[in-house]
Amino acid sequence: MTSDTDVTPPTLADLAPVGAATRPPPTVGVAAATAPATAGAAAAATPPATLDARSITAWFGDRKVLDRVSLTMPAGRVTALIGPSGCGKSTFLRILNRMHELVPGAALAGAVLLDDRDLYAPERRITDARRQVGMVFQKPNPFPAMSIYDNVVAGLKLTGTRVTRARRDELVEETLTKAGLWKEVRDRLRQPGGALSGGQQQRLCIARALAVRPRVLLMDEPCSALDPTSTRRIEETIAELAPEVTIVIVTHNMQQAARVSDRCAFFLAAHGTPGVIVEHGPTAALFENPQDQRTHDYVTGRFG
Ligand SMILES: Nc1ncnc2c1ncn2[C@@H]1O[C@H](COP(=O)(O)OP(=O)(O)O)[C@@H](O)[C@H]1O
Ligand SMILES: [Mg+2]
């Protein structure tokens, strides 16, 4: 029996027409896209952006794992994605910075707009998309043998951003400060990143992500490998960063979602069906007055 109404999954080449249909005219004034990569560009303030996912459907091979998921993640706010394992939260996050397309057999439909500009527009370079939308993973992944200093600036090379030595020093101090790590490492910037504790490594990864001036920072269960003290430090960091960079965080910890997020989206994939958003809205409303019984059951710990 195939009650499946799925059409053949699109290939990545099919993405262009999907995005093109909603693509606004190119705008000027986006530093990374138009200005030469100089110290000035790296220093320029990059305001947080609104990320708008429209009707995202995702496949791995012929298996559909997300079905028409739409979500607006407002600029300068923290949006939490919650829901049981396997409902497509990480896949959704990877679609938001164009990492999904690196997975063999992966396909998607729909559109992602970064301040109304199509993230998948054919003329937009993939490195530019990833620079503007950074990612921090569940397991801290600094380059272990590389120095703390070099870890922070590693992304500049990858994105082809040239900065002067003096500016690099400034950037290292500034981003480590924002990530809440500067005081702990200022006297040992030349030591390897791998020598830090797990919580410090995660903050180093946040600093590394911030150094390329992203407009959105995606965090996939960033505290699930950390002890409670380190978790608190990361949560404080998130609160401090939010006005400057839009944050989207996946978390399994309901208290954490309630503490750190302004808005919350509840994902669910029932009985092998693709993941959908059951309900989303202001975090307090979702927790205190959910509109859907399934949201209620999840946030009160009845399943998942
Ligand atoms: N690389 C992959 N190849 C095939 N299937 C995958 C891959 N990554 C995830 N999936 C499947 O996609 C679904 C959603 O996974 P995921 O996005 O990791 O969910 P979550 O982050 O909510 O736990 C799951 O059924 C998972 O098994
Ligand atoms: Mg996940």
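Derivation of every value follows stated rules applied to the coordinates shown; laboratory data play no part. Just so it is clear, the model here is predicted, and its values are computed rather than measured. Glycine gets a Cβ as well: all are built from the backbone with ideal geometry, and neighbour counts include every protein chain shown.
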Checklist outcome for this item: In whole Å, largest first, the alpha carbons of region 47-299 cover along the principal axes 53, 42, 30
Item to check | J(HN,Hα) series, region 80-90, from Karplus relation 6.51 cos²θ - 1.76 cosθ + 1.60, nearest Hz, glycine and proline x | outcome: 9, 10, 10, x, x, 4, x, 8, x, 5, 5
Checklist entry - For region 47-299, what is the percent of antiparallel DSSP beta bridges, rounded to the nearest 5? => result 55 percent
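Arrange the peptides 287-294, 201-208, 154-161 so that the one whose residues have, on average, the most other Cβ atoms within 10 Å appears first. It would help to have the intermediate numbers written out before the result.
Values: 287-294: 13.9, 201-208: 26.8, 154-161: 16.5.
For the peptides 287-294, 201-208, 154-161, the packing ranking is 201-208, 154-161, 287-294.
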Item to check | In region 47-299, lysine pairs with alpha-carbon atoms under 28 angstrom apart (chain gap of 8 or more, or interchain) | outcome: 9
